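Step one of this worksheet: look at the structure below.
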Amino acid sequence: MNKTIIMMIKKIFGSLFLLLSTPIFALSSANVNQTWFYPGEAIVLTLSADSDKVVFPTINNIAGNAVLGTNNSQSVRIVNAKRTIQNSRSYTFKPSKSLQIPAYTLTVDGVKQTTQPIKITFKKPTKAKVGDDYILQIKTDKTTFFLGDTVNLYITFKAKKSLPPSNNQVSLSIPEAKDLLFIKNNKVTRVADENYHVQTLSYKISANNFGTIHIPSLVATIGNQSNSIFGGFFNARQRQKQKKIFSNDLTLTIKPLPDALRVFGDFKLKATVDKTQVKQGDAVNLTVSIVGKGNFEDIEAFKIEIDNATIYSDDVVTSYKDWQQKFAIVGGQSFVIPSLKLDYFDKITQTKKTISTQPINIKVDKSSPIITATTTTIVKPDNKAPVNSTLKYYYLLLGFIIGALVSFLSIKLSHRQKPDKNQDLIKQIKSSKGNKALFDLLLPLNLSELDSILQQLEANLYKGETHKINKKAIITLIQSSNF
């Protein structure tokens, strides 16, 4: 009897186990790609549920670590001859210390389900030492430097000569540190010493803040390559064995520049003009250029003030090796472009240095006023012979006619000069190329009707705008204006 009862209980529990094993209820789960990590490694948290109706939580950070990316996936599973759809969402993040991933709630088929927390452990890397199969080292040519200066970072990877050749693939992490900019030099140097094959990669480092900055150790991942002709087939289905080695870390000290300076380097400053003598109303084009080495991006634009002159300035243009700013200056009278100066911390002397340009004298030729000359013809009587009174009247009439003719010709000529001048100007306008040439032609005319067009040209030249200029409209305004 007891045996019968025991058998019945076992049968009931067996049926219950089979019932629980069957996916009648859509269960959710949470798992990670690894439960421990080295510095710089990414952890991938995956939430899954056996249902095609799943609402995943919105996760922006995991235990204080920002989520770097998400990925959705779907797969089909067949369990006990039943087809099940599994939906998953993965969250990638890079922790810097040990943590516990909290429980998350999913809504599966309208029912809320909660996952279990997961502990993740940080492992401090062990630096490779002399005699190991592989060695990874990082160093800089100096560990203390001024803000604005650059230093060289060298990454050296060593592999023992005794290792089988060409059977290892090495991937190297990228150096990263807050407030540091790393510029890679793509050239790799390869040498050999007594025991190792040595490869060295270099970076240029600059800082955008001063203080103590830590560069964490780098990691090199070494994966064995299969020599089998089926290597690619099997590698797609199984994870390769990988070995990770770590470098030393570095601490850099960046000092602020003295005297509240912002610019560091070795520079030369030059100011040039396209002409030193202009007609009144014409523009002088000034170019200020700085060449050398340093943080060009921190050099501020110059501001120039000149009495009785209108000054237009272009935006500053910089590159890694030069700096340039252009001006257009229109003066109502002769003027002097003042000396321009730049204060910076000199890289060579390690002291504050000031460089400057020479003043530039510009002569402005004022337009000459138009003077209308009148000629008076005086007819002196011939004292040698008496003048007939009737003949005197003829002389007077002839003098009047000549005077009237001279006045008429003067008026006619003055009216003809203007169309000739206008015609020449119109030809120049038609043939002008670019906003700058047209602006230089129209500015001296002093026509209020052209103010709006001049403003559009000025915006195109010095503010980067793209107004369309109608030359036909300009010519019509000039032809209908008296100037």
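The values are calculated or read from the model by the stated rules, or taken from the named source; none is laboratory data. The structure presented is a predicted model; accordingly, all values stated were derived computationally and were not measured. Positions of Cβ are backbone-derived with ideal geometry, glycine not excepted, and every protein chain shown enters the neighbour counts. For the accessible areas, the whole protein counts, side chains as well, though only heavy atoms, and no ligand, DNA or RNA atoms are used. Shrake-Rupley method; radii C 1.70, N 1.55, O 1.52, S 1.80 Å.
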May I ask you to list pairs of residues, at least six apart or on different chains, whose Cβ atoms are under 9 Å apart, with the first in segment 33-61 being touching a residue at least 24 places away in the same chain (Cβ under 8 Å) and over 17 Å from Thr84 (Cα atoms) and the second being of a type in the set (Lys, Arg) and not in a loop (DSSP other than H, G, I, E, B)? Thr35/Lys119; Tyr38/Lys244; Glu41/Lys244; Thr46/Arg89; Phe56/Arg89; Pro57/Arg89; Ile59/Arg89
Would you mind listing the strands (runs of 3 or more DSSP E) fully within segment 174-280 where at least 1 residues are modelled with pLDDT of 95 or more, touching a His at 6+ places or on another chain (Cβ under 7 Å) and of a type outside the set (Gly, Ala, Ser)? 250-255
Some residue of segment 84-106 being loosely packed, with under 11 Cβ neighbours inside 10 Å, outside any strand (DSSP E or B) and not aliphatic (A, V, I, L, M): no
Tally the residues that are open to solvent by 50 Å² or more (accessible area, probe 1.4 Å) and in a helix (DSSP H, G or I), restricting the search to segment 424-439. 7
I want to confirm something. Restricting to segment 107-131 and keeping residues that are assigned to a strand (DSSP E or B) and under 40 Å from the mean Cα position of the chain (by Cα), which single residue is farthest from Phe246 (Cα to Cα)? Ile120
Identify all residues within segment 454-483 that are touching a residue at least 24 places away in the same chain (Cβ under 8 Å), open to solvent by less than 70 Å² (accessible area, probe 1.4 Å) and in a helix (DSSP H, G or I); write none if there are none. Glu458, Asn460, Leu461, Tyr462, Lys471, Ile474, Ile475, Leu477, Ile478
Within segment 71-83, identify whether any single residue is surrounded by 14 or more Cβ atoms within 10 Å (Cβ to Cβ) and either in a strand (DSSP E or B) or not acidic (Asp, Glu) (or both), and answer yes or no. no
Residues (open to solvent by less than 40 Å² (accessible area, probe 1.4 Å), assigned to a strand (DSSP E or B) and not small (Gly, Ala, Ser)) located in segment 141-162: Phe145, Phe146, Val151, Asn152, Leu153, Ile155, Thr156, Phe157
Considering only residues that are among the polar types (S, T, N, Q) and surrounded by fewer than 16 Cβ atoms within 10 Å (Cβ to Cβ), look in segment 292-317 and name the one that is nearest to Val263 (Cα to Cα). Thr310
Return the pairs, sorted by first residue and then second, in which the second residue is surrounded by 15 or more Cβ atoms within 10 Å (Cβ to Cβ) and among the basic types (Lys, Arg), the first residue lies in segment 299-325 and is within 13 Å of Val288 (Cβ to Cβ) and in contact (Cβ under 8 Å) with a residue 24 or more places away in the chain, the beta carbons are less than 8 Å apart, and the residues are 6+ apart or on different chains. Ser313/Lys326; Asp314/Lys326
